[in-house]
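The next block holds one structure in the form of structure tokens; read it before the comments.
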Amino acid sequence: MSDKREIATLGAGCFWCVEAIFQNLRGVEKVVSGYAGGRVQNPTYEQVCSGTTGHAEAVQITFDPQVISFAELLEVFWRTHDPTTLNRQGADVGTQYRSAIFYHSEAQKTIAEQSKRNANASALWPDPIVTEIVSFTNFYPAEGYHQNFFLENPNQPYCRMVIDPKIRKFRKEFQERLKK
């Protein structure tokens, strides 16, 4: 791995699901579940779930761009959640579950916009993508019990019924990019 690290901040529904996927990718060094893009400093899970803070459940990914690029992270992002549903992922409904790319630089913005155009043109999804691409403003790590949730609670009902099938599909589709 190189000495250079970059940060990506993505919202794709429940952060437990998103964290569990990105932790598996070669080149990803750290994934932190948290809250991005809202108006309240240091919000709690309960505040964010109320839908009144403006935050999205998100993950902040530290990655080595020599091993995996931002564009490659976005390929995984588009294929592992439904970016066509506004403020919803499955049974999770509310602005806190919106699909979002919080770019950290003009380069990330350009890559995200092109990636979104490519994903829309690919017919990967039958409906238009509604993912917002917005400038990164803030990120607050979620409470400790949210971190590494799937890894530490694989037999929890939500993990078994919702996350595990997503992980199995992801691993099959992206096997060449998985950590050994």
The size of the Cβ-based charge dipole (Lys, Arg +1; Asp, Glu -1) of segment 13-82 about the Cα centre, to the nearest 20 debye, is 100 debye
How would you rank 149-155, 91-97, highest first, on the average number of other Cβ atoms within 10 Å across their residues?
-> 91-97, 149-155
Base-10 log of normalised Debye intensity for the chain (one unit scatterer per alpha-carbon) at q = 0.10, 0.11, 0.18 Å⁻¹ | -0.35, -0.42, -1.26
Cα lying deepest toward the dipole's positive end in the chain, options 47, 130, 76, charges on Cβ = 76
³J(HN,Hα) across segment 70-85 via Karplus (A = 6.51, B = -1.76, C = 1.60, θ = phi - 60°), whole Hz, x for Gly/Pro?
-> 4, 4, 5, 4, 5, 4, 5, 3, 5, 8, 10, 8, 9, x, 9, 9
Two-decimal log10 I(q)/I(0) for segment 28-131, as the Debye equation yields it once each C-alpha is a single scatterer, q = 0.24 Å⁻¹ | -1.38
Whole-Hz couplings from phi, Karplus 6.51/-1.76/1.60, listed for segment 96-106; x for Gly and Pro = 5, 9, 5, 8, 8, 10, 9, 6, 9, 7, 5
Do the sum for the chain: with -39,500 (n - 2.57) for every DSSP H run of n ≥ 4, divided by all residues, what is the mean residue ellipticity at 222 nm, to the nearest 500 deg cm²/dmol?
-> -8000 deg cm²/dmol
Table column - 3J(HN,Hα) (Hz), segment 124-130, Karplus curve with 6.51, -1.76, 1.60, x for Gly and Pro = 4, 10, x, 9, x, 6, 10
Estimated dipole of segment 42-180 in Debye, rounded to 20 [Cβ of Lys and Arg +1, of Asp and Glu -1, Cα centre] = 460 debye
Alpha-carbon centroid distance for the pair segment 132-167 / segment 90-122, whole angstrom = 18 Å
Most packed first (mean Cβ within 10 Å per residue), the peptides 125-135, 51-61 order as 51-61, 125-135
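Laboratory data are not the source of any read-out in this text; all were calculated from the coordinates shown. Everything numeric here is computed off the predicted structure, so don't read it as measured data. Reconstructed Cβ throughout: ideal geometry from the backbone, glycine too, with neighbour counts over all protein chains shown.
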